[in-house]
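Asker: Shown below is the structure under consideration.
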Amino acid sequence: VQLQASGGGLVQAGGSLRLSCAASERTYSSYAMGWFRQAPGKEREFVAAISWSGGPTSHADSVKGRFTISRDNAKNTVYLQMNSLKAEDTAVYYCASRRSNLIRWGPNEYHYWGQGTQVTVSS
């Protein structure tokens, strides 16, 4: 499975971005998907995850109410809508998938990773 993340960029605080992650194989539809982020000097942290059905989702407390994960299985794509962005959201954002339909929160529980897309929020 190859994952291609896109949609990052530079935005002012309070603005919005939508990240996309396109998967290359049809087995994507049976995998749970997640978004993680890593700021300079910090560990990679969980942002959001979604089950293969698109039903159960989970969001980190730090982004709850501002970010929304969704997926379109017909397009093999998962999205992260980010609103009310803050300077502390600045990081490289990675999409990941795991060989299960169950959501998990640890980076080491995901099997495939995209290359990352930079999100920079200016204050």
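Asker: Any idea of the accessible area per residue across the chain, 1.4 Å probe, to the nearest Å²? Present the calculation step by step, with values, prior to reporting the outcome.
Answerer: On the way: 6140 Å² over 123 residues.
Solvent-accessible surface per residue comes out at 50 Å².
Asker: Further question: Explain nothing, just compute: Karplus ³J(HN,Hα) = 6.51 cos²θ - 1.76 cosθ + 1.60, θ = phi - 60°, for every residue of the range 52-68 in order, whole Hz, x for Gly and Pro.
Answerer: Once θ is set to phi - 60°, the couplings for the range 52-68 become 5, 7, x, x, x, 10, 8, 10, 5, 4, 5, 10, 4, x, 10, 10, 9 Hz.
Asker: With each pseudo-label sitting 7 Å past Cα toward Cβ, what's the Arg66-Ser53 distance in nm, one decimal?
Answerer: Each label point is offset 7 Å from its Cα along the Cβ direction, giving 3.1 nm.
Asker: Moving on to the next point. Residue-wise, which Karplus ³J(HN,Hα) couplings in Hz belong to the range 33-40, taking 6.51 cos²θ - 1.76 cosθ + 1.60, θ = phi - 60°, and x for glycine or proline?
Answerer: Here the 3J(HN,Hα) series is 10, x, 10, 10, 9, 9, 8, x Hz.
Asker: Let me ask another. Express the carbon and sulfur contribution to the solvent-accessible surface of the range 40-100 as a percent, rounded to the nearest whole number, probe 1.4 angstrom.
Answerer: Working: 1380 of 2950 Å².
Reported share for carbon and sulfur atoms: 47 percent.
Asker: Put one equal scatterer on each alpha carbon of the chain, apply the Debye formula with no solvent term, and list log10 I(q)/I(0) at q = 0.17, 0.19, 0.20 1/Å to two decimals.
Answerer: Evaluating at q = 0.17, 0.19, 0.20 Å⁻¹ gives log10 I(q)/I(0) of -0.75, -0.94, -1.05.
Asker: For the range 62-123, what relative contact order do you get, as a whole percent, if you take Cα pairs closer than 8 Å and at least 6 residues apart?
Answerer: Values: 73 pairs, mean separation 19.9, N = 62.
Dividing the mean separation by the residue count of the range 62-123 yields 32 percent.
Asker: So what is the relative contact order for the range 23-117, in percent, with contacts set as C-alpha pairs under 8 Å and at least six apart?
Answerer: Numbers: 187 pairs, mean separation 31.9, N = 95.
Once normalised by length, the contact order is 34 percent.
The values are calculated or read from the model by the stated rules, or taken from the named source; none is laboratory data. Since the model is a prediction, treat every value here as computed from it, not as a measurement. Neighbour counts run over all protein chains shown; Cβ positions are idealised from the backbone, glycine included. Note: areas computed on protein heavy atoms with side chains; ligands, DNA, RNA excluded. Shrake-Rupley method; radii C 1.70, N 1.55, O 1.52, S 1.80 Å.
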